[in-house]
Amino acid sequence: MSGNKNSYESPFCTRYASEEMQYIFSADKKFTTWRRLWVALARAEMKLGLPITEAQVKQLEEHINDIDYEAAEARERITRHDVMAHVFTYGQACPDAAGIIHLGATSCYVGDNTDVIIMRDALQVVRRKLLNVMNNLAKFADQYKSMPCLAYTHLQPAQLTTVGKRATLWLNELLMDFEDLEYRISTLKLLGSKGTTGTQASFMELFEGDTDKIKQLEKMIAEEMGFDAVVPVSGQTYSRKVDSKVLEVLSDIAQSASKFSNDMRILQSFKEMEEPREKKQIGSSAMAYKRNPMRCERITSLARYVMIDSLNPAFTAGTQWFERTLDDSANKRISVAEAFLGVDAILNIMMNVTDGLVVYPEMIRRRVMAELPFMASENIMMDAVKKGGNRQELHDRIMDYSMEAGRQVKEFGKDNNLCELIEADPLFMVTKEEIDAVLKPENYTGRSSQQVDEFLSECIRPILEANKDILGENFEMKN
């Protein structure tokens with residue numbers, strides 16, 4: 001345990017999220033970005049003819065990172081305005097440029113543009129980690145594409161699939177999330193320099209009505225901050241639907257992660273698969289033999305939080321009044337940051353789990369063979385029909401025998417004896433050898449193996465190949 005023991009600290013900071021993601025939502029990232037935006041504004045205004053000098057812009061650039069936070073906090077206690085407190089503090093560090101800082105802008109110029117920049121940078125981290133999870137699952141799916149296992153509908157044994165094919169179901173949902181994530185990153189736009197109510201009236205005054213220069217101003221700022229465009233129209237703020245759309249993507253990732261982690265928790269209960277486990281990891285303080293799926297349980301828990309949290313910006317977007325209100329601010333600074341911190345933590349754990357999935361082939365086969373007679377009964381019936389049997393009569397007999405075999409398993413704990421019952425009935429005209437030939441799990445997985453190959457080659461590997469320079473990341477669990 002570290003940090004402040006006398007006041008609340010977010011578990012995202014002390015237990016879950018990475019330092020990388022925490023920095024993106026830190027005060028230092030926020031306020032240095034404010035200063036970068038002020039530099040971009042001053043430089044663009046200078047190039048477009050306002051009375052700002054190269055020396056003033058240079059002085060602003062030289063003091064982007066040396067923020068006197070104590071002075072800013074003291075000034076904010078007086079002004080009750082965070083932006084003006086930082087304008088004043090920046091001006092003290094840059095006395096020659098103090099008079100041109102924030103020229104023509106409103107608070108949302110730095111506040112909203114910074115929020116978009118932070119979300120873009122955070123989405124890039126999410127993108128990288130999501131790709132590494134997908135890479136791990138692709139390898140796993142390929143390795144186990146031909147291993148038969150029970151498939152379930154209603155959590156009841158149905159037909160067979162393969163271990164690798166099931167992994168493609170997890171991977172396909174992450175692929176859907178990745179595609180949405182790519183779209184969201186590619187369409188993020190800065191607010192730009194829109195003024196108090198979005199009309200750019202202050203810049204019309206500064207540039208004496210030259211609308212071309214005002215449009216150039218926004219383009220120059222966007223380019224300096226690494227964006228292709230600014231929003232076409234706005235009130236004082238960018239539409240809060242942007243936050244809602246971004247958190248929709250994060251919620252989608254959380255949904256996919258929750259599906260994966262819940263499946264893994266059930267498979268671990270079946271003793272078919274397990275999440276990785278440290279040599280001295282304790283499953284229970286009382287039951288030393290237990291191997292609890294603690295990592296996947298944490299994924300489930302965090303995913304639940306992110307999914308619920310994503311409703312916050314939806315309500316915020318739906319209750320903004322006209323050109324802006326301030327009921328977004330307190331909610332927004334908590335909900336957006338924590339959604340990213342939550343997904344960061346989820347993907348970290350998923351990187352760890354998917355890089356060390358444990359498979360128990362003998363247990364998987366044992367569970368398959370316990371159910372396979374039911375699945376093979378249709379093939380046995382068809383063979384009997386080919387030998388001259390009556391399909392309806394055979395079907396009725398198999399239904400009766402299946403009920404009896406099920407009763408033997410459920411009520412008396414015996415093995416499934418369906419095949420023995422069928423073999424003993426002359427109506428089926430079948431020998432033990434013929435039944436044994438039918439009872440091969442590999443015959444009941446359909447196109448599972450080919451589907452894995454096709455999915456990986458057509459949908460996944462092109463993406464992984466295009467991003468191979470960021471693959472190979474791993475995460476070590478510390479708690």
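Figures for the structure shown
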| quantity | calculated |
| --- | --- |
| Unique residue being closer than 30 Å to Ala222 by Cβ, surrounded by 16 or more Cβ atoms within 10 Å (Cβ to Cβ) and either in the same structural domain as Phe31 (by TED's automatic domain parsing) or touching a strand residue (DSSP E or B) at 6+ places or on another chain (Cβ under 9 Å) (or both) when the list is Gln92, Gln56 | Gln56 |
| Enumeration of residues in region 418-438 that are outside any helix (DSSP H, G or I), surrounded by fewer than 18 Cβ atoms within 10 Å (Cβ to Cβ) and in contact (Cβ under 8 Å) with a residue 40 or more places away in the chain | Met429 |
| Selection count, region 65-89, where residues are surrounded by fewer than 18 Cβ atoms within 10 Å (Cβ to Cβ), in contact with a helix residue (DSSP H, G or I) (Cβ under 9 Å, 6 or more places away or on another chain) and not acidic (Asp, Glu) | 9 |
| Those residues of region 163-194 which are over 22 Å from Met351 (Cβ atoms) and touching a strand residue (DSSP E or B) at 6+ places or on another chain (Cβ under 6 Å), in sequence order | Lys189, Leu190, Gly192 |
| Checklist (1) in contact (Cβ under 8 Å) with a residue 60 or more places away in the chain; (2) more than 26 Å from the chain's Cα centre (by Cα) applied to Asp112, failing item | (2) |
| Members of region 352-388 found to be hydrophobic (A, V, I, L, M, F, W, C), under 20 Å from Lys440 (Cα atoms) and in contact with a Lys or Arg (Cβ under 8 Å, 6 or more places away or on another chain), listed by number | Met363, Met381 |
| Answer residue from region 273-317, given it is at pLDDT 95 or above and aromatic (Phe, Trp, Tyr) and is nearest to Arg366 (Cα to Cα) among those | Tyr305 |
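Matching residues to (1) more than 45 Å from the chain's Cα centre (by Cα); (2) surrounded by 21 or more Cβ atoms within 10 Å (Cβ to Cβ); (3) part of a loop (DSSP other than H, G, I, E, B):
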| residue | (1), (2), (3) |
| --- | --- |
| Ile349 | no, yes, no |
| Val353 | no, yes, no |
| Gly356 | no, no, yes |
| Glu371 | no, no, no |
| Gln392 | yes, no, no |
| Asp400 | yes, no, no |
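The values are calculated or read from the model by the stated rules, or taken from the named source; none is laboratory data. This structure is a prediction, so every number in the text was calculated from the model and none was measured. With ideal geometry, Cβ positions are generated from the backbone for all residues, glycine too; neighbour counts draw on all protein chains shown.
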